[in-house]
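Following: one structure in structure tokens, then a few remarks.
The values are calculated or read from the model by the stated rules, or taken from the named source; none is laboratory data. These figures come from a predicted structure and were not determined experimentally. Cβ atoms come from the backbone with ideal geometry, glycine included; neighbour counts cover every protein chain shown.
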Amino acid sequence: MDYETIKIELSNKGYSMSMIAAALKCTPVNIHQVCKRANRSHRVANAIAVVLDKEIKDIFPDVESYHNVKVFDTSREERIADLQQRLAS
């Protein structure tokens with residue numbers, strides 16, 4: 001999907017890029033840049049996919065790095081704490 005199509009699809013569902021930005025606590029510019037492929041963010045791409053009820057690869061078929069993202073069972077903070085503990089010994 002190109003930028004304009006994403007924008008139209010969001011509007012048809014009653015959402016905007018600035019609403020996604022507010023929900024993610026990031027700037028609207030970041031959302032626009034991801035949609036225009038000027039910046040990459042799996043978190044933003046995933047949010048857009050959730051709102052549009054589509055797969056990321058259907059919205060961003062040209063951004064290969066979004067297609068096979070590894071999901072961990074633990075949070076980032078838990079992994080950092082584990083890493084700190086392992087490196088301290």
> Taking the range 38-73 as the region of interest, how many residues are over 12 Å from the mean Cα position of the chain (by Cα), within 15 Å of TYR3 (Cα to Cα) and loosely packed, with under 15 Cβ neighbours inside 10 Å?
Replying inline: 4
>> Restricting to the range 72-89, name every residue that is modelled with pLDDT of 90 or more and among the acidic types (Asp, Glu).
In response: GLU77, GLU78, ASP82
> Across the range 47-71, which residue is modelled with the highest pLDDT among those that are aliphatic (A, V, I, L, M) and part of a loop (DSSP other than H, G, I, E, B)?
Replying inline: VAL63
>> Tell me whether the range 14-29 contains one or more residues that are loosely packed, with under 15 Cβ neighbours inside 10 Å and under 11 Å from the mean Cα position of the chain (by Cα).
In response: no
> Residues of the range 67-87 being within 21 Å of VAL44 (Cβ to Cβ) and of a type outside the set (Lys, Arg), which ones?
Replying inline: HIS67, ASN68, VAL69, VAL71, PHE72, SER75, GLU77
>> Among the residues of the range 17-37, what is the count of those that are closer than 15 Å to MET1 by Cα and part of a loop (DSSP other than H, G, I, E, B)?
In response: 2
> Inside the range 22-65, can you point out the residues that are closer than 16 Å to GLU9 by Cα and aliphatic (A, V, I, L, M)?
Replying inline: ILE31, VAL34, VAL44, ALA45, ALA47, ILE48, ALA49, VAL50, VAL51, LEU52, ILE56, ILE59
